[in-house]
1. Which members of the stretch 153-174 meet the condition of being among the aromatic types (Phe, Trp, Tyr) and either surrounded by fewer than 24 Cβ atoms within 10 Å (Cβ to Cβ) or in a helix (DSSP H, G or I) (or both)?
2. Restricting attention to the stretch 324-342, does a residue exist that is on the phi > 0 side of the Ramachandran plot, modelled with pLDDT of 95 or more and either assigned to a loop (DSSP other than H, G, I, E, B) or under 18 Å from the mean Cα position of the chain (by Cα) (or both)?
3. Any residue at all in the stretch 175-191 that is more than 16 Å from the ligand (Cβ to nearest atom) and either surrounded by fewer than 18 Cβ atoms within 10 Å (Cβ to Cβ) or of a type in the set (Lys, Arg) (or both)?
4. Could you please give the count of residues in the stretch 309-319 that are surrounded by 15 or more Cβ atoms within 10 Å (Cβ to Cβ) and not in a helix (DSSP H, G or I)?
5. So is Asn224 exposed (fewer than 15 other Cβ atoms within 10 Å of the Cβ) and of a type in the set (S, T, N, Q) or not?
6. Looking only at the stretch 153-191, count every residue that is within 27 Å of Tyr17 (Cα to Cα) and in contact with a Ser or Thr (Cβ under 7 Å, 6 or more places away or on another chain) and tell me the total.
Amino acid sequence: MDTINVTRSSMPPFEEYVEQIRPLWESRWLTNSGAFHEELKANLKEKMGVSELLLYSNGHLALEAAFSQFEKGSEVITTPFTYVSTTLSIIRAGLVPVFCDIEPTFYTMDPEKIEALITPKTVAIAPVHVYGNMCDCVRIEEIAKQHGLKVIYDAAHAFGVTYHGIDAGAWGDMSMISFHATKVFNTIEGGCLCLSDPELAERLKTWKHFGVSHDDIMVMEGTNAKLTEFAAAMGLCNLRHLSEQIGLRKKAAERYRQRLSGVKGLVLCPEQESTVSNYAYLPVRFIEGEFGKSREAVLAALNRDDIFARRYFHPLTSDTPLCKENYEIQETPIAKEVSSQILCLPMFADLTEEMVDRICDVVLRCSD
Ligand SMILES: *Cc1c(COP(=O)(O)O)cnc(C)c1O
């Protein structure tokens, strides 16, 4: 039987992409804010309803850009239940990650545990909309305001998600969205930072052009993080197919839900109120002592059938040598437990009902 990977990149029809890139053989303008870069930026700003948006060569560097604006040695309250990029971007900016626990339903930062972690050195809160589940933005931003902190969301998973009618990118002081090949919307590699402060946007634009000003003077410790025209062209094509792709993901998610709801010891994320989802991932938790087999055994059973799921996120970013050896690590018992139970099942737009059934058959065979 065919292999089913955990993800499969969305791509436009080949001819559409070829037509899109044809003008580049005329213009010979391949990067450095070219025409496609500008068009994609304008389309995204309109779609997300944000006043400032910067495109980057990947989402990780967009996050590094965001954190580069704080004084080195400052503390950032973040979550260990995320991809390494969130924690790494804080560390690479010379800041100290302070780990806050998550809540057990949507696996996002628990707002009630933030205040205990605030110190005179805290400058920002960096929560993650894991799997496209939105954080309790209202509560988090209220706490941030009371304590004079910035909120920087890792919204890598949340492209196309709206919460209380507001696009995921428009929450907080800054919000990063990834356009990596494995995400709901991709530019092959790429990402953006959404914000509202025009002066900060200007500085962060300089940051991705080697920190060099218009007259070629090195004015800050920047880097090279520009999005190419080929990447922007992929984005322009993929954007045209976005709603159709999310619709297909929704169908796959609904089939999973039909097959896996109500199974003892198997926990699916509930639908989130006030949220329009993008169906980015399909996280399932296997509770030991309630579900038949362990998470590890389910993973192995899937592998034997050429189905590849992922322990996303395991281990916690706080439970890695880089963090343990260099920082004081806070206890996050819920994150630790969820991380030991979670498995992301295959999820992508081309996932057919037959494929979902094949995956669910294997999972259900492990249930007793
Ligand atoms: C994908 C991802 C990133 C990094 O984005 P890239 O575009 O791959 O650099 C950051 N945080 C999370 C949670 C991600 O899933």
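1. Our first condition is that a residue be among the aromatic types (Phe, Trp, Tyr); within the stretch 153-174, this holds for 153, 159, 163, 171.
Within the stretch 153-174, just Tyr163 meets the criteria.
2. No: zero hits.
3. There is no residue in the stretch 175-191 that is more than 16 Å from the ligand (Cβ to nearest atom) and either surrounded by fewer than 18 Cβ atoms within 10 Å (Cβ to Cβ) or of a type in the set (Lys, Arg) (or both).
4. Here is the first cut: in the stretch 309-319, the ones surrounded by 15 or more Cβ atoms within 10 Å (Cβ to Cβ) are 309-314, 316-319.
With the extra rule that they be not in a helix (DSSP H, G or I), the set shrinks to 309-314, 316.
Number of matching residues: 7.
5. The answer is yes for Asn224.
6. Summing the residues that are within 27 Å of Tyr17 (Cα to Cα) and in contact with a Ser or Thr (Cβ under 7 Å, 6 or more places away or on another chain) in the stretch 153-191 gives 11.
For every residue, the table says whether it meets (1) within 11 Å of the ligand (Cβ to nearest atom); (2) part of a helix (DSSP H, G or I); (3) at pLDDT below 95; (4) in contact with a Ser or Thr (Cβ under 8 Å, 6 or more places away or on another chain).
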residue	(1), (2), (3), (4)
Val123	no, no, no, yes
Glu142	no, yes, no, no
Val151	no, no, no, no
Leu193	no, no, no, yes
Ala201	no, yes, no, no
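For (1) small (Gly, Ala, Ser); (2) within 28 Å of Phe286 (Cα to Cα), each residue gets a yes or a no:
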{"position": "Leu227", "(1), (2)": "no, no"}
{"position": "Ala231", "(1), (2)": "yes, no"}
{"position": "Leu236", "(1), (2)": "no, no"}
{"position": "His241", "(1), (2)": "no, no"}
{"position": "Gly247", "(1), (2)": "yes, yes"}
{"position": "Lys250", "(1), (2)": "no, yes"}
{"position": "Leu260", "(1), (2)": "no, yes"}
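The values are calculated or read from the model by the stated rules, or taken from the named source; none is laboratory data. As the structure is a prediction and not an experimental result, all values here were calculated from the model. No Cβ is skipped: glycine too gets one built from the backbone with ideal geometry, and neighbour counts run over all protein chains shown.
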